[in-house]
1. Out of region 136-162, which residues are closer than 20 Å to Y37 by Cβ and of a type in the set (A, V, I, L, M)?
2. Can you work out which of the residues in region 86-113 that are of a type in the set (A, V, I, L, M) and surrounded by fewer than 17 Cβ atoms within 10 Å (Cβ to Cβ) is farthest from V69 (Cα to Cα)?
3. Take the residues of region 47-61 that are assigned to a loop (DSSP other than H, G, I, E, B) and within 21 Å of T122 (Cβ to Cβ): which is modelled with the highest pLDDT?
4. Give the residues of region 77-131 that are among the hydroxyl-bearing types (S, T, Y) and modelled with pLDDT of 90 or more, sorted by residue number.
5. Considering I217, I155, I182, which residue is open to solvent by 10 Å² or more (accessible area, probe 1.4 Å) and either under 30 Å from P286 (Cβ atoms) or under 19 Å from the mean Cα position of the chain (by Cα) (or both)?
6. Anything in region 349-370 that is modelled with pLDDT of 90 or more and either in contact with a Ser or Thr (Cβ under 9 Å, 6 or more places away or on another chain) or more than 13 Å from G277 (Cβ to Cβ) (or both)? List them, or say none.
7. Could you tell me which numbered condition N403 fails, if it satisfies all but one of (1) buried (at least 20 other Cβ atoms within 10 Å of the Cβ); (2) not in a helix (DSSP H, G or I)?
8. Please state which one of L33, L81 is touching a Pro at 6+ places or on another chain (Cβ under 9 Å), touching a residue at least 12 places away in the same chain (Cβ under 8 Å) and under 22 Å from A121 (Cα atoms).
Amino acid sequence: MQSKTHLLEDEFSERGKIRGVRYLQSFLLFLCLFAAYLLRVSISVAIVAMTPDKNSTDFLLETHYHIPVFSWTQHTKSLILSAFFWGYLIMNLPAAMIGRRYNNQMLLAMSMTLTVALSLATPMLVVAFNWPILVLIRFLQGLTQAFTMPMIHGISAKWAPPNERGRLVGFVLGGLQFGTVITLVGSGILASTRSGWPSIYYTSGAFGIFWVILWLIFGSESPDTHRLITRSERNYIKSSLTQTVSEKKNLITPWKEIFTSMPVWAVTISHAGHNCGFWLLLSEMPTFISSVLKFDIKSDGFVSALPYLAMWLCQFPVTYFADYMNKKNVTSLTFSRKFWNTLGMSGGALGLMVLGYMGENANAAICMYVFVVAIGCCTNVGFNINHLDLAPNYAGILMGFTNAVAALGGVLAPTVCGFIVHDQTSVDEWRVVFTLGAVILFFSSIFYIVFGSAEVQSWNEPRNENVGVRSFMQMKTDYGSSSKYTSSSSSFVKVTSKYTMFVRQ
């Protein structure tokens, strides 16, 4: 009779719950990166529309519709494009440390809200104060968006079981490419309308607001705090993480071990090299396509987006195949990470070298551009999720650190390009830029092969100490459960762990 009562209570408590909440969280985080890249990448096309060549079709169209246009030098445009990454560079690690103390869900929502507010204010402020205010806005948006990746990695680590990590986190990271595709295509279309380039900022801001509302309603920092998750799914996720994720509180971050770990530096160098190549293409290719290949602004957007569409589509079979090979023990996790990372980065380096010698052959250059970007999807199961392998308890901190260093790539790519390219129509000057990008990608790939690893590091097992004044950095583990549930559920999870895994078999 008592067992029947418990069954009835369980059935009643599960009413109104939904299955597969971890997939819902992945979808929401995917949309987060999608929205973030709408706001981040739109400047690459918007700046082309804001500074059209005099007497070009775009210039005549914009002046006809009384849309403000500007006469900025290539150096000024490079300064604008790099400003975001200075803010991003400064704030990444502090953002990760703040995320250890405060609720990651709310930090992510606040970050997006501030970025949206700056985007919506951009057209009016730029018309009033010209390019210096745009540099400031981009810098501030870099500060606010610095919270995005550390929070996403911290949240993903609490939701993604190890044997689903490649697919779930790979899908989330696909938001980068999908956001880039829609931004480049949509921005080109919006810029060619009567509303002109200001509509790019308003549209991306509107979607950011929509995402914040969705996230506050359906998102959660961890399975413990989600009101719609079933008990069986919560227990499955928690039991799958018991070997690498600590329930302890007041964890001391092993800074010395992190900064002296060669596998961590392998991820960091690879991350920085990849960012340099990625942002070189993303920020400068619209200008190359417009100035060298002679596409108008609408066609420029479509052509610039095509490689990222290919990248987004390719990442699905790549992440599933990589997870399948790991699950069947065909490859070790370390070999898998190195193989896919090498394919993505060395393949991209080779493609960049060839792209530099395509000249004004538009069809060949576009095909090679598609190849270089698309093959980069392989890094989504390479260095991009390696943080979770090395130290699940400190994945947010690792992402904050590597992302901060990698932001240098976003700073240097447009800045160096501005110093090299004085004549935007010069194929020879662009060849130097592409060759430099290829060398950086190749070196980063080799460094990862030599020093990379997917083994859980010994310092992942945390020390539980009273921390006093250092509590700002140490208050909350990236992967620990909410205190509301820790004491009541930790023993239950241990008892049911074997049973849960048996049922899933």
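1. Answer for region 136-162, where residues must be closer than 20 Å to Y37 by Cβ and of a type in the set (A, V, I, L, M): I137, L140, L143, A146, M149, M151, I152, I155.
2. Ranking the qualifying residues of region 86-113, first place goes to M106.
3. Per the stated criteria, the residue is T51.
4. S111, T113, T115, S119, T122
5. Just one listed residue meets the conditions, I182.
6. A349
7. Tallying (1) buried (at least 20 other Cβ atoms within 10 Å of the Cβ); (2) not in a helix (DSSP H, G or I), N403 fails exactly one: (2).
8. Only one candidate qualifies: L81.
The values are calculated or read from the model by the stated rules, or taken from the named source; none is laboratory data. Bear in mind the structure is a predicted one, so any value in this text is a computation, not a measurement. With ideal geometry, Cβ positions are generated from the backbone for all residues, glycine too; neighbour counts draw on all protein chains shown. Side chains included, ligands, DNA and RNA excluded: accessible areas come from the protein's heavy atoms. Shrake-Rupley method; radii C 1.70, N 1.55, O 1.52, S 1.80 Å.
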